[in-house]
Amino acid sequence: MIKGFKEFILRGNVIDLAVAVVIGAAFTAVVNAIVASIITPLIALFWKPDAEGTVGITVNGLWGPVTFPIGDLINAIIAFLAVAVVVYFVFVYPMNRIKERAAAKAGVSPADEEPKLPTEQEILVQIRDLLSERPRA
């Protein structure tokens, strides 16, 4: 049981995922600060903030004005894209390059790593052969 757990932890993809989560969480604070201090004021140049400082489209409702916080949505999208770009270019892309180089040194091509799946016709032939071998009732 311990051996299986050790193999699970030492797999490259588990470690990659753990690093990406930790760095992504840490980087999110930086991105949120940049978005709040730069992007939000830029959005406010185009949309007038309401009385509470929310940037968005204000519509008069039954009980007073309602603001749809489009600024918050744009901020969240920009923050997500920034974190995703950093995680990809700092962790995923270099790790893929390292794996390709290690495979090239070992003499294994990327095509050799993935098993070739049978075609649809080959599967149908196998099914036909199995059915023909089955005793008839």
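The values are calculated or read from the model by the stated rules, or taken from the named source; none is laboratory data. None of these values were measured; they are calculated from a predicted model. In this analysis, Cβ positions are derived from the backbone assuming ideal geometry, glycine residues included, and neighbour counts consider all displayed protein chains.
Here are some notes:
So that you can scan it fast, the table gives a plain yes or no per residue for (1) out of contact with any Phe, Trp or Tyr (no Cβ under 9 Å at 6 or more places or on another chain); (2) at pLDDT below 75:
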residue	(1), (2)
I34	yes, no
S37	yes, no
L42	yes, no
F46	yes, yes
E52	yes, yes
V55	no, yes
N60	yes, no
W63	yes, no
F68	yes, no
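- Being modelled with pLDDT of 80 or more and either of a type in the set (S, T, N, Q) or exposed (fewer than 10 other Cβ atoms within 10 Å of the Cβ) (or both) is a description that applies to E133.
- Reported count of residues in segment 29-47, each being surrounded by 15 or more Cβ atoms within 10 Å (Cβ to Cβ) and hydroxyl-bearing (S, T, Y), is 1.
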